[in-house]
Amino acid sequence: MSITQIKDEIRHNWRKEEVEQLFNKPFNDLLFESASIHRKYFDPNEVQLSTLMSIKTGSCPEDCKYCPQSAHYQTDVEKEALVDTQEIVNAAQAAKDAGASRFCMGAAWRNLNDRNLPQMKEVVSAVKDLGLETCMTLGMAKTEQLSQLKDAGLDYYNHNIDTSEDYYNNIITTRTFQDRLDTLENIQEAGLKTCCGGIVGMGESVDDRASMLMTLANLKQHPQSVPINRLVPSKGTPFEKKEQVDDLDFIRAIAVARIMMPRSYVRLSAGRETMSDTMQALCFFAGANSIFYGEKLLTAPNNEKPDDIKLLTRLGMTTQGHEQEVSCKEKSCASS
Ligand code: SAM
Ligand code: DTB
Ligand code: SF4
């Protein structure tokens, strides 16, 4: 691929009309375009596996309407104190043994507090020492705090914009879209890789999806990892009864993300449990090349590992860091 070609494809100046045009393309044309871009930048048969762990669960002061961990709603999530370091490291080792290449730790905090920083650094450094990539999502954070986490061995910081700037107020009122952008800038300033995406299926319009992806693609650097979540409607949250977004519309969002951010990992994230094998296969074809792997997301259930291994095997896909075949040392996987 020539340098000019790469320059033309890696853009930070997307206009809304162009993104809307992508969303409005005939489905086959859209997928042909996204699949073609995907295979220019990645092995289309390889998927990256990240395992999630909630290291501090529930009673979050924020009012994100989708989130079962918000203290504003009566949900089934049992709040838990910050998990101790050894327990986190044990879970990370288990994730590695099951075949994950990255371990993502999430806390239900509005922002990272300095008093928790020493433990977070200890955790990152121990998880990194296992030979895993590390990711944390701890709410808003300052550059200085993020730099310390980076020095301790943090690779990625996850901080989603969730939706478009215009729709943001319908989803969260305890912080602003600009607060999110500020932390994203801090992440990039600290030299960490950014994991930033959003949720599809919260009642937003296609226009909102286009705006959200435009914000991501027009950042100074594209987030290296772009999680696209399908809303998991959680009991007790205001979105408990939201109707599921149409499969084809979700796949379109994956394809557009792939076209706009060709070198980023696009992650088929929360909500995968509701997707058939065929739908997941189409998402991979459209350009998704990462998943959350392991039977739990943060609090919500995720697909069973043996099912994922089976699906990836049927699709002839390999996982990053495991060149030959998808492998999982767990008994449940070996017997499947
Ligand atoms: N508290 C931190 C924050 O908000 O940045 C970190 C954890 S928060 C749970 C991480 C992300 O998970 C959210 O930004 C949202 O995109 C996603 N998420 C949370 N609940 C979800 C749900 N019910 N369905 C889909 N995605 C969800
Ligand atoms: C992301 O975009 N999705 C993950 C991760 N980043 C932290 C979280 C999904 C949470 C789904 C609901 C739950 O498990 O509570
Ligand atoms: Fe808190 Fe994050 Fe859930 Fe919002 S998404 S309520 S900030 S844990």
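Taking the range 138-169 as the range and being farther than 18 Å from THR215 by Cα and hydroxyl-bearing (Ser, Thr, Tyr) as the test, the residues that pass are THR143, SER147, TYR156. Among the residues of the range 22-49, the one identified as of a type in the set (Val, Ile, Thr) and more than 24 Å from CYS104 (Cα to Cα) is ILE37.
Please verify whether the range 146-162 includes one or more residues that are more than 30 Å from GLY99 (Cβ to Cβ), of a type outside the set (S, T, N, Q) and part of a loop (DSSP other than H, G, I, E, B). Scanning the range 146-162 turns up no residue that is more than 30 Å from GLY99 (Cβ to Cβ), of a type outside the set (S, T, N, Q) and part of a loop (DSSP other than H, G, I, E, B).
Restricting to the range 35-85, name every residue that is touching a Ser or Thr at 6+ places or on another chain (Cβ under 7 Å), part of a loop (DSSP other than H, G, I, E, B) and among the hydrophobic types (A, V, I, L, M, F, W, C). Within the range 35-85, CYS64, CYS67, ALA71, VAL77 meet the criteria. Filtering the range 86-124 to residues that are part of a helix (DSSP H, G or I), surrounded by 15 or more Cβ atoms within 10 Å (Cβ to Cβ) and of a type outside the set (A, V, I, L, M) leaves GLN93, LYS96, ASN116, GLN119, LYS121. Residues in the range 278-310 that are at pLDDT below 95, in a helix (DSSP H, G or I) and over 13 Å from LEU49 (Cα atoms): PRO306, ASP307, LYS310.
Answer yes if at least one residue in the range 159-170 is surrounded by fewer than 24 Cβ atoms within 10 Å (Cβ to Cβ), under 25 Å from GLU9 (Cα atoms) and among the aliphatic types (A, V, I, L, M), and no otherwise. Yes, because at least one residue in the range 159-170 is surrounded by fewer than 24 Cβ atoms within 10 Å (Cβ to Cβ), under 25 Å from GLU9 (Cα atoms) and among the aliphatic types (A, V, I, L, M).
Residue by residue through the range 92-131, note down the ones that are free of Cβ contacts under 8 Å to residues at least 40 places away in the same chain and among the β-branched types (Val, Ile, Thr). Scanning the range 92-131 gives VAL124, VAL127.
The values are calculated or read from the model by the stated rules, or taken from the named source; none is laboratory data. Bear in mind that the values here come from a model prediction, so they are computed numbers and not experimental data. Neighbour counts run over all protein chains shown; Cβ positions are idealised from the backbone, glycine included.
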